[in-house]
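Below is one structure, written out as structure tokens; comments come after it.
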Amino acid sequence: MTVEVSSLKELVEQASGTSGSPDTQEYFVNMGPQHPSTHGVLRLVLKLDGERVLRCIPVLGYIHRSIEKISEHMNYMNCVHLTDRMDYLSSIMNNWAVAKAVEEAAGIEVNDRIQYIRTIFAELERIQSHQLWWGVLGMDLGAFTPFLYGIRDREVLNDVMEETIGARLTMNYVLPGGLMADIHPNFVNRVKEFIKYFRPKLDEYDDLLTGNVIIQERLRNVGVLSAQTAVQYGATGPVLRGSGVAFDLRKDHPYGVYDQADFEVPVGTVGDSWDRYWVRVEEMRQSLRIVEQLLDNIPPGDYLVKKLNSKIKLPEGRYYSQLETARGILGVFITSDKKDEPYRLHYRSPNFNNLWCLEPMIKGDYIASLIGAMSSLDLVIPDIDR
Amino acid sequence: MGIVTDKLPGALEKVPGGNVLVTRFDEIINWARANSLWPLTFGTSCCAIEMLMATGGPRHDMARFGAEVARPSPRQADLLILAGTIVKRMAPRLRTLYEQMAEPRYVIATGACTISGGPFIYHSYTTVRGADEIIPVDVYVPGCPPRPEQLFHGLLTLQKMIKEGETIREPGVRRKPVISALPEGVTLEDIQGEMKELLVKENVVDVHQAVDKLKWPSGTNDGS
């Protein structure tokens, strides 16, 4: 396998003066950093032949906030709070990833109540994230109505979570050693109400968008990502499962209390945008199932097993911990040198690897398909740049 | 006369003979501008979900304030809602976007990051310490991220500012920036001064003190 290494400048120089066919001319187009369907400040340099995309080169750094560097100057309790701002649509899972790494390194065992609550909230947040993605996918393809439907249901779930946590987006709920606060007395009832409310809404989603001819035409056989390429590029989450690889950390390496819940991992067959769409919609149903099973069995106990102060020190060594967020595997790599601050804290973010699947997906396809394919990847740009 | 006589009784003056005459044209223009702000869809990070998506949704409906026509092109927009951190690489692009917008243009800075750098202010080598280092800001909406209701308060503050604001005779002359939803008695200068003090304290090193802290091996560098 040869690895092609070339800078952006060289690529532009190569392309100037050459032309693909007698009718058309190859040229470069900048997409972003300010573009409505790049979901933030992603910049794509597109090499086009007419309307066909020959190359698609992501250019990063427009929202690089140096979170990893800042974390080196923070104690472990504070590092958790910056992770909310990385992949802000799965903030609880990000918190949990760091908390899990610190707990494993420091040898803290949390009780069952904490694990149950963490799992329930992670699944609720997964639903919330997919709701927003579903709405935005419709908006990217030119239909505004799904956006209104998605946001409407997201607000209902937001209210339930806000009652316990107190925040709408950056939750800061999971800490190393437990949770920020116990669940609200109304929580269980309100989640049950939500499940009752949202089940029929999922069928409504299907009526509105899933069965729509235009959506099918825009997504089917568009942006095909083979299983081999997905594994090679390190794609995880619904992108990998859409390509037919049934790998889900919740099932294969269970953490939390996922081993006590009965659920299925939806897997696609072709690996096109449609499969990724279907996997996410199906995941919402499975998440509802998980929450429903766990909700009645929350054991009594403390919500904080050990009150850690800011001076917690990890033993010297390297620690890696990972879990499945709404977009894939988030890995936390800590190098500790026996101080209260990490020597190095690295995040293996799911969106970064998923982004690079865009080029093999879209090579040779029309530029209009690029929007649908990119929307089916469900990228969050601040998680890519960190 | 309908809407003009109902909403703007002060702008019209009855003249003998029964006709009305528009005497203060500024007010009508400012009223129209304030109630039809077209925001630019510009979101860099977390605040974009709350500021652009939740506010566009059915519960917190931004259309109630006449500001729902979000435009992806800066040439069609006159309100820039800064949602998210501005980093050094994005700063020139932000300036370009601002300059491409049609005049008169207004800027609302939402969230801690765009106001001061927020949680990324210390030890970060990329974050811009406040968007007002790059472009002028009219209204600040604090929060991390602010709730949609807070943005609406900021929007109403901006509308009030526009209505009382510039005139045709003195274009470009604006009132001072406003912080939406802050207790009375706290001004922007206070906060900026405090932030500056903290930053200086964080980043200044007393070289002599630092040298004293280092443990030199005795008798090697004392010149004897």
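The values are calculated or read from the model by the stated rules, or taken from the named source; none is laboratory data. Note that this is a predicted model, so its numbers are computed, not measured. Here the Cβ is made from the backbone with ideal geometry for all residues, glycine too, and neighbour counts use every protein chain on show.
From A:Gly50, A:Gly17, grab the single residue that is over 30 Å from B:Ala70 (Cα atoms), modelled with pLDDT under 90 and away from every other protein chain (no Cβ under 14 Å).
Just a single option satisfies the conditions, and that option is A:Gly17.
Within segment B:29-44, which residues are in contact (Cβ under 8 Å) with a residue 12 or more places away in the chain and more than 16 Å from the chain's Cα centre (by Cα)?
Within segment B:29-44, B:Ile29, B:Asn30, B:Trp31, B:Arg33, B:Asn35, B:Ser36 qualify.
On the basis of being under 15 Å from the mean Cα position of the chain (by Cα) and either at pLDDT below 90 or farther than 23 Å from A:His64 by Cα (or both), does B:Val69 make the cut?
Here the answer is no, as B:Val69 does not meet what is asked.
For segment A:26-55, name all the residues that are more than 26 Å from B:Cys46 (Cα to Cα) and touching a Leu at 6+ places or on another chain (Cβ under 9 Å).
If the condition is that a residue be more than 26 Å from B:Cys46 (Cα to Cα) and touching a Leu at 6+ places or on another chain (Cβ under 9 Å), then A:Glu26, A:Tyr27, A:Phe28, A:Val29, A:Leu46, A:Lys47, A:Leu48, A:Val53, A:Leu54, A:Arg55 are the ones that fit.
Can you pull out every residue in segment B:118-145 that is within 11 Å of chain A (Cβ to nearest Cβ) and either in a helix (DSSP H, G or I) or in contact with an Asp or Glu (Cβ under 7 Å, 6 or more places away or on another chain) (or both)?
Result: B:Gly118, B:Pro119, B:Phe120, B:Tyr122, B:Pro145.
On the given criteria, is A:Met171 at negative phi, modelled with pLDDT under 90, out of contact with any strand residue (DSSP E or B) (no Cβ under 7 Å at 6 or more places or on another chain) and more than 10 Å from every other protein chain (Cβ to nearest Cβ)?
Spelling it out, A:Met171 is indeed at negative phi, modelled with pLDDT under 90, out of contact with any strand residue (DSSP E or B) (no Cβ under 7 Å at 6 or more places or on another chain) and more than 10 Å from every other protein chain (Cβ to nearest Cβ).
Could you check how many residues of segment A:107-143 are in contact with a Gly (Cβ under 8 Å, 6 or more places away or on another chain) and within 23 Å of B:Glu149 (Cβ to Cβ)?
So the count comes out to 4.
Is at least one residue of segment B:109-120 modelled with pLDDT of 85 or more and closer than 24 Å to B:Asn30 by Cα?
Yes.
Hey, among the residues in segment A:158-190 that are among the aliphatic types (A, V, I, L, M), assigned to a helix (DSSP H, G or I) and touching an Asp or Glu at 6+ places or on another chain (Cβ under 9 Å), which one's surrounded by the most Cβ atoms within 10 Å (Cβ to Cβ)?
Across segment A:158-190, the extreme among qualifying residues is A:Met161.
Please enumerate the residues belonging to segment A:233-284 that are among the acidic types (Asp, Glu) and touching a strand residue (DSSP E or B) at 6+ places or on another chain (Cβ under 7 Å).
Matches in segment A:233-284: A:Asp248 only.
Take segment A:318-341 and flag every residue that is in contact with a helix residue (DSSP H, G or I) (Cβ under 6 Å, 6 or more places away or on another chain) and of a type outside the set (D, E, K, R).
Correct list: A:Tyr319, A:Ser321, A:Leu323, A:Thr325, A:Ala326, A:Gly328, A:Ile329, A:Leu330, A:Val332, A:Ile334.
Scan segment B:86-107 and tell me whether some residue there is in contact with a Gly (Cβ under 7 Å, 6 or more places away or on another chain) and buried (at least 20 other Cβ atoms within 10 Å of the Cβ).
No, there is no match, as no residue in segment B:86-107 is in contact with a Gly (Cβ under 7 Å, 6 or more places away or on another chain) and buried (at least 20 other Cβ atoms within 10 Å of the Cβ).
Does segment A:237-267 hold any residues that are within 16 Å of the chain's Cα centre (by Cα), closer than 25 Å to A:Tyr116 by Cβ and touching a residue at least 60 places away in the same chain (Cβ under 8 Å), and which are they?
A:Gly237, A:Pro238, A:Asp248, A:Leu249, A:Arg250
Please go through (1) modelled with pLDDT under 70; (2) over 30 Å from B:Arg147 (Cβ atoms) for B:Lys7 and return the number of the only condition it doesn't satisfy.
Going through (1) modelled with pLDDT under 70; (2) over 30 Å from B:Arg147 (Cβ atoms) one by one, B:Lys7 breaks only (2).
Which of (1) crowded, with 20+ Cβ neighbours inside 10 Å; (2) closer than 28 Å to A:Ser66 by Cβ does A:Ile362 not meet, given it meets every other one?
(2)
Consider segment B:10-49. How many of its residues are at pLDDT 55 or above, more than 12 Å from chain A (Cβ to nearest Cβ) and part of a helix (DSSP H, G or I)?
10
Can you tell which of A:Glu109, A:Glu163, A:Glu125 is within 20 Å of the chain's Cα centre (by Cα) and assigned by the TED database to the domain that holds A:Pro238?
Of A:Glu109, A:Glu163, A:Glu125, the one residue that is within 20 Å of the chain's Cα centre (by Cα) and assigned by the TED database to the domain that holds A:Pro238 is A:Glu125.
Out of the residues in segment A:54-99 that are among the charged types (D, E, K, R) and surrounded by 21 or more Cβ atoms within 10 Å (Cβ to Cβ), which is farthest from the other protein chains (Cβ to nearest Cβ)?
Ranking the candidates gives A:Asp87 first.
Suppose the filter is in contact with a Pro (Cβ under 8 Å, 6 or more places away or on another chain), buried (at least 19 other Cβ atoms within 10 Å of the Cβ), within 12 Å of another protein chain (Cβ to nearest Cβ) and within 19 Å of B:Pro148 (Cβ to Cβ); does B:Ile115 pass it?
no
Within segment A:307-347, which residues are acidic (Asp, Glu), under 16 Å from A:Asn75 (Cα atoms) and surrounded by 15 or more Cβ atoms within 10 Å (Cβ to Cβ)?
Matches in segment A:307-347: A:Asp340, A:Glu341.
For A:Arg285, are the conditions met, namely being in contact with a Lys or Arg (Cβ under 9 Å, 6 or more places away or on another chain), assigned by the TED database to the domain that holds A:Gly372, modelled with pLDDT of 90 or more and of a type in the set (D, E, K, R)?
yes
Within segment A:86-100, take every residue that is within 15 Å of A:Arg348 (Cα to Cα) and not small (Gly, Ala, Ser) and give me the one that is farthest from the chain's Cα centre (by Cα).
A:Lys100
Return the only residue of A:Ile120, A:Ile108 being more than 11 Å from every other protein chain (Cβ to nearest Cβ), farther than 24 Å from A:Ser375 by Cα, outside any helix (DSSP H, G or I) and β-branched (Val, Ile, Thr).
The match here is A:Ile108.
Does A:Leu141 satisfy the criteria of being of a type outside the set (Asp, Glu), under 17 Å from A:Ile290 (Cα atoms) and away from every other protein chain (no Cβ under 11 Å)?
No; evaluated as a whole, the condition is false for this residue.
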